[in-house]
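The values are calculated or read from the model by the stated rules, or taken from the named source; none is laboratory data. No experiment lies behind these values; they were computed from the predicted model shown. Cβ: placed from backbone, ideal geometry, glycine included. Neighbour counts: every protein chain shown. Heads up: the accessible areas ignore ligands, DNA and RNA and are worked out on the full protein's heavy atoms, side chains in. Shrake-Rupley method; radii C 1.70, N 1.55, O 1.52, S 1.80 Å.
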Amino acid sequence: KPSKNDYTFTALVPEGFSVAGKTKVVFYIKGTAAKSLSLNVYVGTGSTMGTDYKCYNLGNYSAEGTISPTASNSYTGVINTGGNWMKVTLDIAGLTLNSTKGQNLFALKVGSASDYDLLVDDITFE
């Protein structure tokens, strides 16, 4: 139960990383959350929301789906996978992601003052 909106996972661009030809970020979740997840995909080196990173909000997530970027982070909604692993797809088509080693690439955020009982696995760029 985080006391504030918080980052729980952040990935930096690794050596030799390329997103050429990639159009989506895919990962799997299992469990429940009283608030939803918000994810950042980084396209710049600054910290301006919507400009340097694109926000993806799962909202009410109880069926697999593809998420498009939005203007800001939001934790509105609940997650319930019914005890199953569910695929989450983030549409990154048309974005130019950071590609220099050490730059921010991807982050997973949780909302404040809410219970999270989630597993996240197999984050890939496809």
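Taking the Cα centre of the chain as the origin, how large is its charge dipole in debye, to the nearest 20, when only Lys and Arg (+1) and Asp and Glu (-1) carry charge on their Cβ atoms?
On the way: 10 positive and 10 negative charges, 35 e Å.
Taking the Cα centre of the chain as origin, the dipole is about 160 debye.
Under 8 Å for C-alpha pairs, at least 6 residues apart: give me the relative contact order for the chain, rounded to a whole percent.
Once divided by the residue count of the chain, the mean separation gives 46 percent.
With every protein chain left in place, what is the accessible area per residue of segment 1-58 in square angstrom, probe 1.4 Å?
50 Å²
What figure in square angstrom, to the nearest 10, would you give for the accessible area of Ser38 with a 1.4 Å probe?
Ser38 exposes around 0 Å² with every protein chain in place.
Return the FRET efficiency for the residue pair Asp52, Phe9: r is the Cβ-Cβ distance, R0 is 25 Å, and the value is rounded to the nearest 0.05.
Values: r = 18 Å, r/R0 = 0.73.
The computed FRET efficiency comes out at 0.85.
Leu119 label point, 7 Å along Cα→Cβ, cut-off 11 Å on backbone N: hits in segment 19-40?
29-31
Would you tally the net charge around Ala71, using a Cβ to Cβ cut-off of less than 14 Å, leaving Ala71 out, and scoring K and R as +1, D and E as -1?
Overall, the nearby charge balance is 0.
Give the carbon-plus-sulfur fraction of the accessible surface of the chain in %, rounded to a whole number; probe 1.4 Å, heavy atoms of protein chains only.
That share works out to 47 percent.
If you roll a 1.4 Å probe over the heavy atoms of the protein chains, what accessible area per residue do you get for segment 64-126, in Å²?
For segment 64-126, the per-residue accessible area is 51 Å².
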